[in-house]
């Protein structure tokens, strides 16, 4: 049965309509960010106006959102640099272990992914206060590294599973010790997977809100907390926060383009939303 | 075996981090849930199950369970139905699938806080896009974020906006794995799209559906960012889910002990929900064979 051209066109139009409705909030925010308040508050909404990028400049430079970007970058990059190496090591071990021990650990990791984050936020806050670590980078970084472990391990394990065991054995016969098998034989094979895991972990850390809300302060505030707190101080508030929001979204869109072929695998293991 | 023993060493760094930063705080939270502990007040006093007993007598607790169930069921249900419909549409479409798929996916990848702001600018009274459109037809719009019923509806829509693309992506990938010969022979027998979707394709990808529903329910249970930005649990407590109530207890009222008890209950409840889901769906599976 060949689908008729008319029904195909109809289907295409229906899906286009769905997509347009879906993207409206993003388009609307972008338009708000390049509108003067006079145009932004008109009823019915104005679609034709003189665009201005003044608000983008103001919010990132004059309102100093660049500082929060730096904080976010420090945290996200540190998380990746700690979380991915240790998670990759564990993943290698779990992909090579025989017996029920590794199954138990993997199931435990999956269960940890289920923890309500709010339940962890409470002891994090109490402990960080006790250790005088509120509003410091290490507290936030370690919290996110830990949260990230189940994802990193499951993801990297799925890549290591694709590496044939014969490769390990051949290397062993050539006299490699276990570390060399991991570092010089298996790791180069999974390098593409390693980059994908890094990018997803970066995204996860960049998007995180609850722990950042609880653990960061004036010196370490990340972009999501900054934008959520940004209040109506002046008339241009809407345009300014829209400009900031669009700016926060931009690097993510770039990531997505880099990652589009690997989205299903990453999302299945719970990337992006922790 | 030497090799197998050596492998355990690879688990040490990650194991240490998980024990110290995940398991120890979790244990500490459970420990705190047995104490009467106000942050910055008196030193904590042990009260056994006092916090749990207090919660069981707390109307706000039962209310928040109801709202959590309503919002989780509403959001995940909407996402699944819409996601399956769109995924099937994409499956049927013979051209332009890739760009559509990519564009559709965009809302999912936006930072949740930013996504909530985007939606707030749609739903805000008077100045939001939706109100502006409705008012230009001279109709007076409802207060989307200010009346209890509409606020819950808006929160469900917000969750659906971000997670329907996830459903579409996963279900579309799943539909493409279904054996083609079965579908073709059903088409020969004159089965329509609806029959093919519900009688052949959905049963074929049941494990995937179970998996994706479990993941979504789990995440919706603890969803925080969007509600915090959109309604902060309000108006009143209209959109106060378990997570929002726990946050309010811990970080607004500083009742650390009671909040910990509530967090533990949330963990148990979400585990119970997932367990039931798996049980029911597997039981049905077995009955079918």
request  = Quick one: which helices (runs of 4 or more DSSP H) lie wholly within region B:10-100 and hold at least 2 residues that are within 9 Å of chain A (Cβ to nearest Cβ) and at positive phi?
outcome  = none
Residue match in region A:200-219 (condition: at pLDDT 90 or above, over 15 Å from the mean Cα position of the chain (by Cα) and at the interface with chain B (Cβ under 10 Å from one of its Cβ atoms)) = yes
request  = Output the number of residues of region B:119-130 satisfying the condition of being within 9 Å of chain A (Cβ to nearest Cβ) and more than 17 Å from residue B:235 (Cβ to Cβ).
outcome  = 4
message = Which numbered condition in (1) more than 22 Å from residue B:212 (Cα to Cα); (2) without any contact (Cβ under 8 Å) to a residue 60 or more places away in the chain; (3) surrounded by fewer than 21 Cβ atoms within 10 Å (Cβ to Cβ) is the only one that residue A:111 fails?
response = (1)
inquiry  = Taking the condition of being surrounded by 12 or more Cβ atoms within 10 Å (Cβ to Cβ), in contact (Cβ under 8 Å) with a residue 12 or more places away in the chain and either over 29 Å from the mean Cα position of the chain (by Cα) or assigned to a helix (DSSP H, G or I) (or both), how many residues in region A:159-189 meet it?
reply    = 11
key: Selection count where residues are assigned to a helix (DSSP H, G or I) and closer than 17 Å to residue B:92 by Cβ, scope region B:182-223   = 16
query = Before we move on, is residue B:226 closer than 26 Å to residue B:67 by Cβ and outside any loop (DSSP other than H, G, I, E, B)?
reply = yes
key: Failed condition for residue B:146, given (1) part of a helix (DSSP H, G or I); (2) in contact (Cβ under 8 Å) with a residue 60 or more places away in the chain   = (1)
request  = Looking only at region B:225-238, decide whether some residue is more than 9 Å from chain A (Cβ to nearest Cβ), over 22 Å from residue B:146 (Cα atoms), buried (at least 19 other Cβ atoms within 10 Å of the Cβ) and in contact (Cβ under 8 Å) with a residue 60 or more places away in the chain.
outcome  = no
note = For region A:81-132, the count of residues that are at pLDDT 90 or above and not in a helix (DSSP H, G or I) equals 2
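The values are calculated or read from the model by the stated rules, or taken from the named source; none is laboratory data. Fair warning: this is a prediction, and the values are worked out from it, not measured in the lab. So basically every Cβ, Gly included, is an ideal-geometry build from the backbone, and we count neighbours across all protein chains shown.
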